[in-house]
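I have placed the structure first, in the form of structure tokens, so that the comments after it can refer back to it.
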Amino acid sequence: MLRSELYRAFHRKWTLIAFALGLLVVVIGYIAVQVGPLSFGVSLHEYNAWYVFLQVFGMNFNSIWGLTVPLLAALPFGDTLIYDMNHGFEVPLLMRIGKRRYFLTKWLANIIVIACVFGAVLSCSLLLALLWRRDTVLPVVLPPLIGDHIPSGLKPGIGVFASSYQPHVLSGLFWAHPGLYSLLALLIGILVTISIGSLTIGASFWFKNRYLILSTPFIFYMVLNVVLQFLGLYLWVPFLMAAGYLNAHNSIGSTVAYWSVILLFSLILVPLGATRYGKSEFTAKVSIDEKEG
Amino acid sequence: MRAVELSDLHKSIKKNKVLKGVNLLANTSEVIGIMGTNGCGKTTLLRIICGLTSIDRGVVNVLGQNIGPTSTLPEGIGVVFDPPGLLADLTGLQNLIVIAKIRNIMKTSALRQLLVKVGLNPDDKRSVSKYSQGMRKRLGLAISMMEDPRLVLMDEPTNGLDRSGIAELRGWISELKSSGTCVVIVGHYIEEMTAVCDRIYTMDDGRLSQSSGASSRTEPASPTIR
């Protein structure tokens, strides 16, 4: 069943469209960063590829990526369950596997597809950052001076620059191994995206409208942030792991824990919804009741 | 061998009693027709047989296995509802591949042959959303005939088919019958039923009764209707 779902996902146009839109958002983000860094007051010595990469995909809640990713995460395969239920395609599938496997496979396939699409987008983003900022050097290599500025991402910079900022659980890692830090951020970015995107499967049991279901992650994310802001917990809501040395509030532990809870919540919605689905009669969503009144 | 055995079947949907004690026996190599007006519960009966809808009371035995909330549906059931459930953004062949990948019994070459058999071009690159109603019906029928089913349930299979399509459908049903498959057809028109069915039942007020049109066909070996 999983192979079947993945075949289906990677042969539909929406998967490709989500990837293309993701890349577009990233490119727009880079343009915005290129235009804006000096006006944001960011020193040139910090403005290296690693920093740019992190800034583009999740510096803060208001970043383009931060706002669009809940919608983009739902796009590739978020409507897989509601499509089946509304079009009767669950029939040949349920004839071959049980309900439990069917629903769980839907959830799993959705998160795998999201991870693949956004893993690819974020990897492209990282490559783009490296191409964009060619003056960035690997941490192990002593960088040359560029004008009056010292490129960052270098071990010699640890003591000089890191002490200038608020301490952060991973700020040392960023200064010592910015590449590793960025890869870690990329992995957390994927976790975040699958967490928010996987909500669509659970939502399919409660709503029948495809567009409403595809909007669920975005609505959930916005409401959650408004509520947490209202409670004064905004800073504990890391959408992504931002540049660690700049944002002392978002630790890797809180970030992973926060999004893991949402992922778990998404998973719990599946058996809850499946139970509800069974009680409400399978037929209610398929053509037969419409036809038979 | 019994393909379908329904005994004292009761089913209500939203306080409306759809089935009121339905009994039915269908054997292998037999074609059964069920007729009735819109909303009389024909399709619900098909869904019950293929385990998609639960029952309030009674016994459902399909291919020798009782169907219930905790039991597993036996393999070898093909079904096509009206309209057929299809993935509109994939091609016809891709639709079949998605389903075939679950059990991995049929190879792509066999799926291509099946498409040719139902009159569709396996190399057609158009998505199903571009298909006509008749083409969708043919694809739905192809799905129902995948993986050598022992029981095929067809809900208004002639809907959307032209004359030649209906003639071809009769041929496919005959093929299924001769290979030992039981076919249960739900429809509206007695002419279509008498052409292919061994027995025809009419569903009225939640009960099945044998239609007078079936007298020209093979009579059941035992009383199977109420």
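Please label the shape of chain B as rounded, prolate or oblate, based on the square roots a ≥ b ≥ c of the eigenvalues of the alpha-carbon gyration tensor (a/c under 1.5 means rounded; beyond that, a/b larger than b/c means prolate, else oblate). Prolate. Excluding ligands, DNA and RNA, the accessible surface per residue across the range B:66-158 is 40 Å² with a 1.4 Å probe.
Counting, for every residue in B:99-106, the Cβ atoms of other protein chains within 10 Å of its Cβ and taking the mean gives 5.
Placing A:W259, A:W107 in order of accessible area, with the largest value first and a 1.4 Å probe, yields A:W107, A:W259. When peptides B:1-7, B:48-54, A:222-228 are sorted by average Cβ neighbour count within 10 Å, with the highest value leading, the order is B:48-54, B:1-7, A:222-228.
Taking 29 Å as the limit for the C-alpha separation, the pairs A:K106/B:K177; A:K99/A:K208; B:K14/B:K101; A:K106/B:K117 exceed it in the case of A:K106/B:K177; B:K14/B:K101; A:K106/B:K117. For the range B:16-73, what class follows from the C-alpha gyration tensor (a ≥ b ≥ c being the square roots of its eigenvalues): rounded when a/c is under 1.5, otherwise prolate if a/b is larger than b/c, else oblate? Oblate.
The values are calculated or read from the model by the stated rules, or taken from the named source; none is laboratory data. The shown structure was predicted, so the numbers you read here are calculated from the model rather than taken from an experiment. Using ideal geometry, Cβ is built from the backbone for each residue, glycine included, and neighbour counts are taken over all protein chains shown. Heads up: the accessible areas ignore ligands, DNA and RNA and are worked out on the full protein's heavy atoms, side chains in. Shrake-Rupley method; radii C 1.70, N 1.55, O 1.52, S 1.80 Å.
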